[in-house]
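> After the structure tokens below, expect a handful of questions from me.
The values are calculated or read from the model by the stated rules, or taken from the named source; none is laboratory data. None of these values were measured; they are calculated from a predicted model. Cβ placement follows ideal geometry from the backbone for every residue including glycine, while neighbour counts extend to all protein chains displayed.
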Amino acid sequence: MSAHQYILYVDDDIDDLYVFNQALHITDATLEVKEARDGYQALTLLEEARKATNYPFLIVLDLNMPGMSGKEILNIIKKDVEWCTIPIVVFSTSSSKIDQDFCMQQNVAFITKPLHFSELVNTVSKLVRLCETTA
């Protein structure tokens, strides 16, 4: 992982962004979350990361967003020679088989957002540990 460790979390739901940040703080208070509320903002943050050569060690991506969907963002990231190496987890309220199949085809993990905060903390902890072991 880079010296400046952070997660890029792309979600249009302010409450989900807040709760994810709280769960991450419990898991590892040293990690930062850079938030993008839509796909365009996510791509801007990734371009800034490219210029600084300081990429997130994980991208957490919601699928259902206005403007540019998570699927569209994922397709763009997967086609970029530098961005495609960043681990991505789709984190969505969707339980659609179509969405799950799409993520499988893109070779990214698909996690349905847990209903309880304790489940979210456990999920975030697993994601961080997984990224640490693959870095």
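> Do you know which residues across region 39-74 are out of contact with any strand residue (DSSP E or B) (no Cβ under 8 Å at 6 or more places or on another chain) and aromatic (F, W, Y)?
Listed by number, the residues that qualify are Y40, Y55.
> Sticking with this one: Give the residues of region 101-123 that are in contact (Cβ under 8 Å) with a residue 24 or more places away in the chain, within 21 Å of L74 (Cβ to Cβ) and of a type in the set (A, V, I, L, M), sorted by residue number.
The answer is V108, and nothing else.
> Do we find a residue being within 18 Å of L8 (Cβ to Cβ) and either of a type in the set (K, R) or touching a Ser or Thr at 6+ places or on another chain (Cβ under 7 Å) (or both) anywhere in region 103-118?
Within region 103-118, one or more residues are within 18 Å of L8 (Cβ to Cβ) and either of a type in the set (K, R) or touching a Ser or Thr at 6+ places or on another chain (Cβ under 7 Å) (or both).
> Restricting the search to region 98-123, which residues are at pLDDT 90 or above and part of a helix (DSSP H, G or I)?
I98, D99, Q100, D101, F102, C103, M104, Q105
> Among the candidates I26, I88, I76, I59, single out the residue that is of a type in the set (V, I, T) and more than 27 Å from R129 (Cβ to Cβ).
One residue alone meets the criteria, I76.
> Could you please find all residues in region 45-81 being within 18 Å of L17 (Cα to Cα) and polar (S, T, N, Q)?
Matches in region 45-81: N64, S69.
> Looking for something of a type in the set (V, I, T) and under 13 Å from the mean Cα position of the chain (by Cα) - is there at least one such residue anywhere in region 100-111?
The answer is yes; a qualifying residue exists.
> Mind telling me which of the residues L63, L74 ends up being touching a Ser or Thr at 6+ places or on another chain (Cβ under 8 Å) and either modelled with pLDDT of 90 or more or more than 22 Å from I14 (Cβ to Cβ) (or both)?
Every option except L63 fails the conditions.
> For region 9-34, enumerate the residues that are of a type in the set (A, V, I, L, M, F, W, C) and either under 13 Å from the mean Cα position of the chain (by Cα) or within 14 Å of F57 (Cα to Cα) (or both).
Passing the criteria: V10, L17, F20, L24, L31, V33.
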